[in-house]
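Down below is the structure, laid out as structure tokens.
The values are calculated or read from the model by the stated rules, or taken from the named source; none is laboratory data. Computed from a prediction, not measured in an experiment: that's the story for all the values here. Cβ: placed from backbone, ideal geometry, glycine included. Neighbour counts: every protein chain shown. Just the protein is used for accessible areas: all its heavy atoms, side chains included, with ligands, DNA and RNA removed. Shrake-Rupley method; radii C 1.70, N 1.55, O 1.52, S 1.80 Å.
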Amino acid sequence: MTTRSVSVLGSTGSIGCNTLDVIRHFSEHDEFEIVALTGGNNVKLLARQAVEFGAAIAVTVHEHKYGELKSALAGTGIETAAGATALLEAAGRPADWVMAGIVGIAGLAPTLEAARNGATIALANKECLVSGGKFFLDRCNRTGAKILPVDSEHNAIFQVFEERNREAIERVVLTASGGPFRDWPLEKMALADTQAAANHPNWSMGLKISIDSATMFNKALEMIEARHMFAIAPNQIEVIVHPQSVVHSMVGYADGSVLAQLGCPDMRTAIGYALSWPQRRHVPVERLDLAAIARLDFAAPDETRFPALRLAREAMAADGLMPAVMNSAKEAALDAFIERKIGFLDIARLVEKAMKRISGHNPPTSLEDIVEADKEARQFVGGALETI
Ligand code: NAD
Ligand code: MG
């Protein structure tokens, strides 16, 4: 039995907990050595995880949480640390496999640190590719860090993407559940609160990605993620609404074949795949029962109610740092919505305004370029909140 060293960045989140659950299951057959576990405010859970999995180090990004973490792990021999620099240091510790499960652009720098060592990166954090694009890929290529997609759509595409027949690939089709407001009229969407927006019909996920599904910015980010992950042109990327979330995405070929990956909506399938690749192993998820589901529905997305998809295409056409601006403006607007400062439809309005105002940047060549664009987009949104 070979021992594999593993770190989970964002271990206390939805992806992080699912990752540890798969590791728990696989540990019956295999040995994992847990290097770093990282989290934020939920220090109690982080400490519990560190003890259960015998982590070498547990890190919270919040310095004010250090005392709590340290006392929770006193006497265990597990190293503790807090703050952004400590997080980067822990993320950069040698490991064979690293789950990038931090939410938002905050996940970029730690994932880059993990890539420095040539670790296999299980990429749940889509913002690395959205905002970092080719720069992020180049950094991974430089060290031979292999990226395995965990986002369910990209994981599905990865499973049916015939690299040897790349020339014959015409399109990738990303499926979207349509979120909780799939059939809501605009007037009702305008009044939606955080609770309604976070109420995803099929997937159980973190708060922010759940609301991103309601605006369909999640799909917008995934279009850009797919572009880079699979080196395909923007006009080869389609989105189709599929309310059951059973078909996780598809690849269309020149002979008319469309290959799809199906499964119950449970992230542990994609995580188990990334942890087992290139093999497959047993994962304890519910089995798909198509007779019980009986029907699968598909519909074209409504871009009047969900302008995010159009904004993603505009960001890809503008290229450079525009996808980073789009994402950071979205993150700032989403925070404002969660804090009840703006309405649901204002999220897309603010993103569009930010994209109109901030333009003309070259593609990023450093992390600092992305950090600058992030700052600019957040400042713009902060200033525009009053006028919306
Ligand atoms: P989550 O909010 O449940 O968890 C986020 C994790 O990141 C937590 O451990 C939190 O402590 C940590 N974190 C938050 N802010 C941080 C910061 N500033 N610095 C360092 N750590 C921080 O999020 P999630 O739903 O697990 O999503 C994680 C990532 O995976 C996102 O990029 C999301 O888009 C992507 N993703 C998630 C799912 C899902 O099923 N949840 C599916 C596909 C993709
Ligand atoms: Mg997804």
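Observations
- For the chain, alpha-carbon Rg relative to the globular expectation (2.2 N^0.38 Å, N residues): 0.96
- Sum of -39500 (n - 2.57) over DSSP H runs of 4+, divided by residues of the chain (222 nm, nearest 500): -13500 deg cm²/dmol
- Extent along the principal axes, Cα only, for the range 231-284: 35, 27, 21 Å, with the longest axis given first.
- The alpha-carbon positions of the range 208-335 define a convex hull whose volume is 156 Å³ per residue.
- In terms of distances greater than 21 angstrom between alpha carbons, the cross-link table entries K219/K375; K44/K65; K208/K341; K188/K353 yield K219/K375; K188/K353.
- When all alpha carbon pairs of the range 23-74 are counted in 10 Å bins from zero, the resulting P(r) reads 26, 51, 19, 5 %.
- Accessible surface, per residue, of the range 272-331 when the full set of protein chains is kept, probe 1.4 Å, Å²: 50 Å²
- If R0 equals 30 Å, the separation of the Cβ atoms of S27 and K146 corresponds to a calculated FRET efficiency of about 0.85.
- Computed over Cα pairs, the Kirkwood radius of the range 67-193 leads via Stokes-Einstein (1.567 mPa s, 4 °C) to a diffusion coefficient of 74 µm² per second.
- Burial order of peptide ranges 291-301, 353-363, 59-69, 147-157 (average beta-carbon count within 10 Å, highest first): 147-157, 59-69, 353-363, 291-301
- Plainly put, the range 129-210 has a radius of gyration that is 1.09 times its Kirkwood radius, both from alpha-carbon atoms, as the Rg/Rh ratio.
- Cα gyration tensor shape of the range 1-148, rounded if a/c is under 1.5, else prolate or oblate by comparing a/b with b/c: oblate
- Sparse packing (at most 16 other Cβ atoms within 10 Å of the Cβ) combined with a DSSP loop state is found for the following trypsin sites (Lys or Arg not before Pro) in the range 190-280: R280.
- Structural descriptor for the range 251-323: relative contact order 17 percent, calculated from alpha carbon pairs under 8 angstrom and at least 6 residues apart.
- Coil-residue GluC sites (Glu not before Pro) of the range 207-308, DSSP, other Cβ within 10 Å capped at 11: E286
- For the range 325-374, applying the loop criterion from DSSP together with a ceiling of 14 other beta carbons within 10 Å to the GluC sites (Glu not before Pro) yields E339.
- The relative contact order of the chain, computed from alpha carbon pairs under 8 Å that lie at least 6 residues apart in sequence, is 14 percent.
- Kirkwood Rh and Cα Rg combined as Rg/Rh, the range 56-95: 0.97
- Tail beyond 18 Å, pair distance distribution of the range 291-388 (Cα, percent): 50 percent
- Highest mean first, the peptides 86-97, 166-177 sorted by other C-beta atoms within 10 Å per residue fall in the order 86-97, 166-177.
- Carbon plus sulfur fraction of accessible area for the range 139-240, probe 1.4 Å, in percent: 46 percent
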